[in-house]
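Some notes on the structure that comes next.
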Amino acid sequence: FTFDAQTGGMYIGAVGQNLWEYVWVAPIGDKRNFGWNVVEGSHCYKARDCDKAAFTPPAAEYSHDEGCSITGGVVYRGKALPALDGRYFYGDYCTGLLHSFTWTVDRSSPTAAGSVFSVRPRGDGVAASTMAIHSVRDGRA
C-alpha cells in the first residue's frame, strides 16, 4: 500500500486469490469494507452470485488473462513530468506491464476511479516512459 499526501488517498494493491488483481483507493480515515472473502475485486469469489452492495469495489482491476500479480505502486508527484502528476503507477510481476490511473476524492462514489492505461515493456525504460507520457498528453490515458 501507499499514501498520497496531496489527496489523502490510501492505495491498496491486492494480489488476487484466483482470477483477479485489483487496487482499492480510499480516503485516509474512511471505513471501507472491501468484501473479502465474498468478492475478489468486483467479482463474486466462491458463489456465482453474491450481494456486493455493501462493499467498496476496486478503483482498477485486471484478470489473470492479463497478468498474475500486482507489484508495487506509487503516486507520481514529481516536477520533471507534470503530465503524470497524480497518476498511480503499478506493475504486474508476470507480464512486466506498467499500469496507471488517476484518482480524485469523491466521497459520493465508492471508487472514484479515473482512466487506466498500460504500457508493455520494450526492453528499454526510455521507450516505455516516452510511450506513457505520449498517451497522457494525447488524452488516451
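For segment 22-109, the solvent-accessible area of protein heavy atoms averages 54 Å² per residue (probe radius 1.4 Å; ligands and nucleic acids excluded). The percentage of C-alpha pairs in segment 17-74 whose separation is greater than 12 Å is 67%. Projecting the alpha carbon convex hull of segment 1-103 along each direction and taking the average yields 6.9 nm². Shown for segment 1-83: the carbon plus sulfur share of the solvent-accessible area, taken with all protein chains present and a 1.4 angstrom probe, equals 52%. When Rg and the Kirkwood Rh are both derived from Cα coordinates, the Rg/Rh ratio for segment 1-42 amounts to 1.01.
The values are calculated or read from the model by the stated rules, or taken from the named source; none is laboratory data. What you are looking at is a predicted structure, and each value in this text was computed from that prediction instead of being measured. Accessible surface is based on the protein model in full, side chains and every heavy atom, while ligands, DNA and RNA are left aside. Shrake-Rupley method; radii C 1.70, N 1.55, O 1.52, S 1.80 Å.
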